[in-house]
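Okay, structure first, notes after.
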Amino acid sequence: MSTPPATGDGADVGAPLRRPVLGRPSPASDAPWKLRQRAAAADAAVRADGGDDGALSVRVASLAGVRHRVGGTGPEDAYGWCWDAGRLSLAVADGVGSRPGAAAASATAVAAAVDALAAGASPAAAVLAASGAVAGGEGATTLVAATVTPDGAVALARVGDSTAYVRRDGVLVELWVDPDDGASTATTATAALPADDPRTETAEVALAPGEALVVVTDGVGDAVRDGPTTVAPALAAALASPPDPLELARITDFSRQGVGDDRTLLAVWVGPHARPEEAGTPTGPQGPPGV
Amino acid sequence: MSDAVGVEERYAVFPFYLCLDVSASMAGAPLDSVNEQLPLLRSAVGEDPAIAEVIRFGVVTFSDVARTVLPLADLSLVEVIPPVGAEGRTSYAAAFEHLRRQIEDDYTAGRATGDKWYRPAVVLISDGRPTDEEARWKAAHAALVDPSWKRHPNILAFGFGQADPEVLAAVTEGKPNRAFIADEGSNPATLVPELMKGLISSIVSSSASVYSGAAQLAPPDVAGMTAIAVDQLD
């Protein structure tokens, strides 16, 4: 009668997926998603990807924010990369505001920036190329464009409040100083593309073996900054080595009050820890299940 | 307060204060409408977790004196918004002085529990001119919007009846699309419900902007009211 149905040999699907709660929980995080009128793979509410190639590994999770999920709209973040000729070109963007065209602007900017980087442009030049590409549309977007080579050399440029970290010695070290001086009232202005003279900030960093570059939109970056004892250590721990992409998506989908923006986290590891170590289990496509 | 930026947990919230004129002339249809509409606002905001999570809402009334009838709260935790009743005259000075103290107190209390405020919004609804001396309410207003005070709110003002467009424009610092006046011949019994609907939509849009990472005060579009043109300032 009330006996649960047998799952059969080897068919145990395990515990239901739970998003981690980091700080005060967000009731909206667990609210049902509204069925969207139109949807396609390119604007899925959950996107996860990654891959390994010898001395370099990539993982990305990109999630529609709570507000979009409960409102039945798609995400406005975008990401992309190109792995070619020993150089990884990557970009992450966040469509600004809820104006029409925000999603298109971020996707266009990412595509243009990755193309420019792959063709040999510097990150700052890639930002300009992206600005030109989005100038024809309605929307605006932030952008981080970066190149990584397997020797750990990283060059970056950004416009707006998307940001980047190096995961070093177990913690996330932000590459750009946040303009917010710790002021008591949150600042809201953000630079964006298109712009005739973009407020581009650049950075260069050398990754040591085992260290990772972590590029995020503000849906992640604000939470890292506001959650120094919760979000920051949890993400740093999850990125100790390249996680399974679905595991990264689950962690990036943490529940935290007031953090309802789209979230994108793209990480690149170089060096001997780039590839998941086989830890006593049969070699498979999956990495270790987090830390 | 603390120099320990970087080790404290913080949570973004967007405070909204309804600042309601309860002078004697608001008796009858205007305040009856407000009392009918406040529960709708409570449910529209409080029962949507994505909105309630980031909005904090409080109600301040003013006549001869100002008082907080609903302390700033998460509306998902508020069962009833107390009804408001008509009192005496129309002291804008009392309202502004009270708001300045209340905002600072609420900020301090919220900060202690980890709240990170977006700039607070004050929505002033009035059917009259200030009954205090101009110098007094202007001084109270100047203290409220003092740019050197970090918590100085953005103000939206809605006037009908005897409200003075020039005063409302001054209250909103002459900013475009912040002060609204009822169209000629409008009836408060129909106007106030529209106004409250507009307030709800303003809160909803503003909460959405919090989630998009660029919080801003979204002025409502209220049927029967027109934005006071900036050139009406003088």
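What follows draws every value from the coordinates through simple rules; no lab data is involved. Since the structure is predicted, the reported quantities are computational estimates derived from the model, not experimental observations. Cβ atoms come from the backbone with ideal geometry, glycine included; neighbour counts cover every protein chain shown.
Worth pointing out:
- Shielding score for B:10-18, defined as the mean number of other chain Cβ atoms within 10 Å: 4
- Tail beyond 46 Å, pair distance distribution of the protein assembly as shown (Cα, percent): 21
- Protection proxy ranking, highest mean first, for peptides A:260-269, A:202-211: A:260-269, A:202-211, where packing is the per-residue count of other beta-carbon atoms within 10 Å, averaged.
- Computed from Cα atoms, the angle from the helix B:29-46 axis to the main principal axis of chain B rounds to 20 degrees.
- Shape of the stretch A:87-133 from the C-alpha gyration tensor: prolate (a/c of 1.5 or more and a/b above b/c, with a ≥ b ≥ c the square roots of its eigenvalues).
- Pairs of lysine residues in the protein assembly as shown that meet both criteria, 8 or more places apart or on different chains and Cα atoms under 21 Å apart, total 4.
- Three principal axis lengths of the stretch B:1-71 [C-alpha, angstrom, descending]: 52, 30, 11
- Inter-chain neighbour count for A:258-265: the average number of beta-carbon atoms from partner chains within 10 Å of each residue's beta-carbon is 5.
- Rounded if a/c under 1.5, otherwise prolate or oblate - the stretch B:63-118, Cα gyration tensor axes: oblate
- The stretch B:6-39 versus the stretch B:64-99: alpha-carbon centroid distance in Å: 7
- Peptide B:52-62 - average C-beta neighbours from other chains (10 Å radius): 2
- Rounded to whole numbers, the Karplus 3J(HN,Hα) couplings from phi for the stretch B:15-28 are x, 10, 10, 7, 10, 10, 5, 10, 5, 3, 5, 7, 4, x Hz, using 6.51 cos²θ - 1.76 cosθ + 1.60 with θ = phi - 60°, and x at Gly and Pro.
- Of B:Gln162, B:Gln216, B:Gln102, the one that fluctuates the most in a GNM where chain B has Cα springs shorter than 10 Å: B:Gln162
- Global form of the stretch A:126-261, assessed from the alpha-carbon gyration tensor, a/c cut-off 1.5: oblate
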